[in-house]
1. Exactly one of these conditions fails for P241: (1) within 14 Å of the chain's Cα centre (by Cα); (2) at pLDDT 95 or above. Give me its number.
2. Can you work out which of the residues in the range 357-381 that are surrounded by fewer than 15 Cβ atoms within 10 Å (Cβ to Cβ) and at pLDDT 50 or above is nearest to R195 (Cα to Cα)?
3. Looking at the range 154-168 only, could you name the residues that are touching a Leu at 6+ places or on another chain (Cβ under 9 Å) and either over 24 Å from R225 (Cα atoms) or not assigned by TED's automatic domain parsing to the domain that holds G57 (or both)?
4. Give, as residue ranges, the helices (runs of 4 or more DSSP H) completely inside the range 1-102 that count at least 2 residues that are at pLDDT 95 or above, within 25 Å of V120 (Cα to Cα) and within 21 Å of the chain's Cα centre (by Cα).
5. Out of the residues in the range 74-112 that are within 16 Å of A220 (Cα to Cα) and out of contact with any helix residue (DSSP H, G or I) (no Cβ under 8 Å at 6 or more places or on another chain), which is surrounded by the fewest Cβ atoms within 10 Å (Cβ to Cβ)?
6. Condition check: closer than 30 Å to A99 by Cα and modelled with pLDDT of 80 or more. Does I316 satisfy that?
7. Before we move on, is Q186 among the polar types (S, T, N, Q), assigned to a strand (DSSP E or B) and within 27 Å of L244 (Cβ to Cβ)?
8. Being part of a loop (DSSP other than H, G, I, E, B), under 16 Å from the mean Cα position of the chain (by Cα) and of a type in the set (A, V, I, L, M) narrows it down to one of A215, A165, so name that one.
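The values are calculated or read from the model by the stated rules, or taken from the named source; none is laboratory data. Note that this is a predicted model, so its numbers are computed, not measured. With ideal geometry, Cβ positions are generated from the backbone for all residues, glycine too; neighbour counts draw on all protein chains shown.
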Amino acid sequence: MTNAQPSTLPDWLRHQAQHRPHAIALRHKRLGAWHALSWQDVATAVEQLAAGLAQRGFAAGDALLLVSHPREEALLLSLAAQWNGGVAIPLDPQLAGDALHSVLTHLAPRFVFAEDDSQVDRLLTHEGLHVIDANPRNLTPHPHPTVTDYRTLAVQIEGGFASAARPLDDAFAFVRHDADGQLVEQRLPHATLVREAQQLVTTENLSADDEAFAARAFAAASQARYLITPWVLSGFRLNFPESLATRDNDRRELAPTLVAGTRETYARVAQLVDDRLPGVRSWRRRLINRAQRRQGGPLVRALTWWFITRPLREVIGFSRTHAALVIGPPLDEGTAALFEALRVDVRAWPDTGDWRRVEHPRQTVALQRYVADGASEQPAY
C-alpha cells in the first residue's frame with residue numbers, strides 16, 4: 001500500500017487492517033453473548049465475500065440490496081459490494097409488499113441480501129434475483145437454486161482479491177417513497193462520505209478508543225454517514241445489538257461513547273428516564289426538575305449528580321458518552337432540557353441529501369462517476 005491517503009471505504013478498511021490488525025473492530029450479540037471481530041478479521045471477510053460475489057457475476061456498477069435490520073452480515077456484504085466497485089442499497093425490512101415490488105421493479109437489481117426466511121420467501125416471488133440468505137439460525141440451506149447461504153458465499157483466492165472501488169463511485173444508495181408516492185433515491189459516493197466523516201471525526205474528537213452503538217435502522221442514510229464511514233476512518237469499535245427489542249439493555253451494558261439517533265430516539269430514551277423516576281412529589285423528581293430548570297446551588301447540584309443524574313446516565317447507557325448526536329431535526333424542548341439536566345451534550349448534525357426521482361429500471365445501478373459540486377457537496381449530473 002502506498003503512502004497516499006485512503007480515498008474509498010475499502011481503502012480505509014485495508015488501512016485499519018494493516019495498522020491495527022488485532023484491535024476489535026466489530027462486535028455483535030447473539031443469544032445473549034457478544035462476539036468480536038478484529039480489523040484483520042473484517043478485512044479478510046469482506047475481501048473473501050467480494051471474491052464470492054464476483055464469482056457469481058457481481059461486477060462494478062452492480063447493486064446489492066440489503067433487506068435487513070442492523071447486523072454484521074449486512075455491513076460486511078455492503079463493504080464487499082463496494083470492494084467490487086458496486087453500490088450497497090439498504091432497505092427497510094418492514095417495507096410493505098407493494099413498496100418492495102416498486103423498489104425491485106425500478107432498480108432491477110440482480111443481487112439481494114435477506115435477513116431471514118420470511119424475507120427470502122418474499123423476494124423469491126420476484127424473478128431474476130440472486131438471493132443471499134443470512135440464515136441466522138444456521139438451518140439447512142434453502143433449496144431454491146437462486147438462493148446462496150451467506151456462510152458459503154466467501155471465497156479465498158490465492159494472492160488476494162484487489163478492490164475495484166474508486167473515490168467517485170457510489171458507495172451507498174438509499175430509496176424511499178416521497179409524499180406523492182414517487183420513488184426517490186439518494187446516492188453517496190465514497191469521496192462525499194469520506195469528506196463528511198473526516199469533518200465529524202474532527203468535530204466530535206473521535207478516535208480508535210471510542211465505542212459506538214448501531215441500533216438505528218440500517219436503511220437510514222445517516223447510518224452510512226455518521227456511523228459506518230466514521231468507523232472505518234477512525235477505527236473505533238462498532239457494536240450491533242441482538243435486536244431492536246434489546247437495544248436499550250444492550251446499550252446500557254456497553255455504555256458507548258458515541259451515540260447517534262434521531263429526535264425520536266432521544267425522546268424514547270427520555271421516556272425511559274421518566275419511567276425510572278418516582279412520583280411527582282418525590283424528592284428525586286423535584287431535584288431533576290430543578291436541574292432541568294437550571295435551579296439550585298452547588299450543594300443541590302452535587303446531590304443531584306451523585307444520587308440522581310449519575311445513576312440515570314448508567315441506566316440509559318450514557319455514562320461514558322462524550323459524542324451524543326441527534327441526526328436531522330433537533331430535540332424538542334422537554335427532551336433537550338432533560339438531557340441537559342443529565343449533563344449529556346446532544347449536538348445536532350444534518351440529515352440532508354439530494355433526493356432524486358427514480359425514472360427507469362437499472363438507471364440507478366449503472367456505474368456513475370460524478371464531478372464534485374463544491375457549492376452543495378453533492379454529486380453534479
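1. (2)
2. Restricting to residues being surrounded by fewer than 15 Cβ atoms within 10 Å (Cβ to Cβ) and at pLDDT 50 or above, the top hit is R357.
3. Listed by number, the residues that qualify are A154, V155.
4. Details: elements: 9-19, 39-55, 72-83.
Result: 39-55, 72-83.
5. Checking each candidate, the answer is Q94.
6. Numbers: closer than 30 Å to A99 by Cα: no; modelled with pLDDT of 80 or more: yes.
Criteria not met by I316.
7. Details: among the polar types (S, T, N, Q): yes; assigned to a strand (DSSP E or B): yes; within 27 Å of L244 (Cβ to Cβ): yes.
Taking the combined requirement at face value, the residue satisfies it.
8. Values: A165 fails: under 16 Å from the mean Cα position of the chain (by Cα).
Going through A215, A165 in turn, the sole match is A215.
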